[in-house]
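Taken together, the values in this text are just the output of simple stated rules run on the coordinates, not laboratory data. The model shown is predicted, which means the values in this text are computed figures rather than measured ones. Because the Cβ atoms are built from the backbone with ideal geometry, glycine has one as well, and the counts that use them run over all protein chains shown.
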Amino acid sequence: MQDTLTGENVYLNCVITDKNVVIRDGRVLSGHETRPFFIDKGSNV
């Protein structure tokens, strides 16, 4: 999660982010231990 910014009230479970990702307020992102949720470089979620 290098240079990843997360907003307020964010819930992350089994999430992997590439560089420079922004996760906005109130997001709920969930993957599974065997299949994590992946967010590409430079994404704004």
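Structure data summary
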{"item": "R0 of 22 Å, Cβ-Cβ distance residue 34-residue 8: FRET efficiency to nearest 0.05", "result": "0.15"}
{"item": "Charge dipole magnitude, Cβ of K and R +1, D and E -1 - the chain, Cα centre, debye nearest 20", "result": "80"}
{"item": "Neighbour net charge for residue 40 - beta-carbon separation under 13 angstrom, K R +1, D E -1", "result": "+1"}
{"item": "Order of 24, 35 - criterion: other Cβ atoms within 10 Å of each residue's Cβ, fewest first", "result": "35, 24"}
{"item": "Cα gyration tensor shape for the chain, rounded if a/c is under 1.5, else prolate or oblate", "result": "oblate"}
